[in-house]
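The values are calculated or read from the model by the stated rules, or taken from the named source; none is laboratory data. Quantities reported herein were computed from a predicted structural model and do not represent experimental measurements. Here the Cβ is made from the backbone with ideal geometry for all residues, glycine too, and neighbour counts use every protein chain on show. Heavy atoms of the whole protein, side chains included, go into the accessibility calculation; ligands, DNA and RNA do not. Shrake-Rupley method; radii C 1.70, N 1.55, O 1.52, S 1.80 Å.
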Amino acid sequence: MIETEKTILRPIELNDNKKIFSYRSDSETNKYQGWIPKTVKDVNEFISKNPKEFNIPETWFQLVILDKKTKMIIGDVGIHFIDNYQIEIGCTLDKKYHGKGFATETLKGVVEHLFNKLDKHRIVTSIDPQNIDSIKLVERLGFRKEAHFKKSLLINGEWVDDIVYAILKTEWK
Ligand SMILES: CC(C)(COP(=O)(O)OP(=O)(O)OC[C@H]1O[C@@H](n2cnc3c(N)ncnc32)[C@H](O)[C@@H]1OP(=O)(O)O)[C@@H](O)C(=O)NCCC(=O)NCCS
């Protein structure tokens, strides 16, 4: 579906449940995420909600990232087709694979696909201002900071700030 030098992306499958649970349930690494599964059953529910088709407005489509060498799942990417032209993305890597450039390379491939194959107009991402690794990641890709909303998201019972980064097709090189 989407391939980069070191990674392959494919739609999430029910059989991925245990692997997804192993890194998504790590509440310290994922402390800025809205969804942290408590059980494998939570993951099953999450996977079963994935749309059958890619690129359908008003849906989130979840892809897993495989390391090309080992074919192991190293993380996942969520793509929110807001409407026909605008996209929201999110990325989570298994902690073991942080700091090696996998997310940067994979998201580059995703952004390239969305702009150049699917002709999307704008991609946004929503980040907690304390999530420094994510901020560095999207800035590395050329996203611009567009907004800082104060205490606009209720996550795990706490109101937190939200930064929005975006990039237009015309800005993507
Ligand atoms: C967001 C997240 C995916 C970023 O992961 P990451 O490991 O920092 O990003 P990359 O895989 O692109 O790796 C980049 C790092 O590897 C280093 N690196 C090493 N080899 C590299 C290579 N060949 N190419 C590029 N970078 C390389 C970079 O210098 C950079 O490190 P630095 O930030 O200290 O400068 C990760 O922190 C995560 O999964 N967090 C939890 C989930 C989350 O909060 N997601 C965001 C909400 S959607």
inquiry  = If the elastic network links every pair of Cα atoms under 10 Å, which of Asn15, Asn84, Asn50 fluctuates the most in the Gaussian network model of the chain?
reply    = Asn15
request  = Calculate what fraction, in whole %, of the accessible area of the chain sits on carbon and sulfur atoms when a 1.4 Å probe is rolled over the protein chains.
outcome  = 51 percent
query = If you stretched the chain out fully between Lys68 and Thr104, how much longer would it get, using 0.36 nm times the residue separation minus the C-alpha to C-alpha distance?
reply = 11.4 nm
query = Which value in deg cm²/dmol, rounded to the nearest 500, describes the helix-derived mean residue ellipticity at 222 nm for the chain, given -39,500 (n - 2.57) per DSSP H run of n ≥ 4 and division by the residue count?
reply = -6000 deg cm²/dmol
request  = Take the Cβ-Cβ distance between Asn116 and Thr59 as r, set R0 to 25 Å, and report the resulting FRET efficiency rounded to the nearest 0.05.
outcome  = 0.70
inquiry  = Before I look further, what does the chain give for accessible area per residue, probe 1.4 Å, in whole square angstrom?
reply    = 56 Å²
task = Please find, in a Gaussian network model of the chain (springs between Cα atoms separated by less than 10 Å), the residue of Glu146, Glu45, Glu158 whose mean-square fluctuation is greatest.
result = Glu158
request  = With both partners inside the stretch 58-126, how many of the DSSP beta bridges are antiparallel, as a percent to the nearest 5?
outcome  = 85 percent
key: Computed label-point distance, nm, for sites Lys173 and Glu45 using a 7 Å Cα→Cβ extension   = 4.6 nm
key: Difference of contour (0.36 nm per residue) and Cα-Cα distance, Lys95 to Ile82   = 1.8 nm
request  = Work through the residues other than Lys150 whose Cβ is under 14 Å from its Cβ and net out their charges, Lys, Arg +1 and Asp, Glu -1.
outcome  = -3
remark   = Most fluctuating of Arg24, Arg140, Arg122 in the GNM of the chain (C-alpha, under 10 Å) is Arg140
message = I want to check the label-to-label distance for Trp159 and Asn131. Put each point 7 Å from Cα in the C-beta direction and report it in nm to one decimal.
response = 2.0 nm
query = Separation between the Trp35 and Glu5 pseudo-spin-labels, each 7 Å from Cα along Cα→Cβ, expressed in nm?
reply = 3.1 nm
remark   = So, relative contact order of the chain in percent, Cα under 8 Å, 6 or more apart, is 18 percent
ask   = How big is the gap, in Å, between the Cα center of the stretch 110-173 and the Cα center of the stretch 11-78?
value = 19 Å
ask   = Given a cut-off of under 8 Å on Cα pairs at least six residues apart, what relative contact order in percent is computed for the stretch 69-139?
value = 31 percent
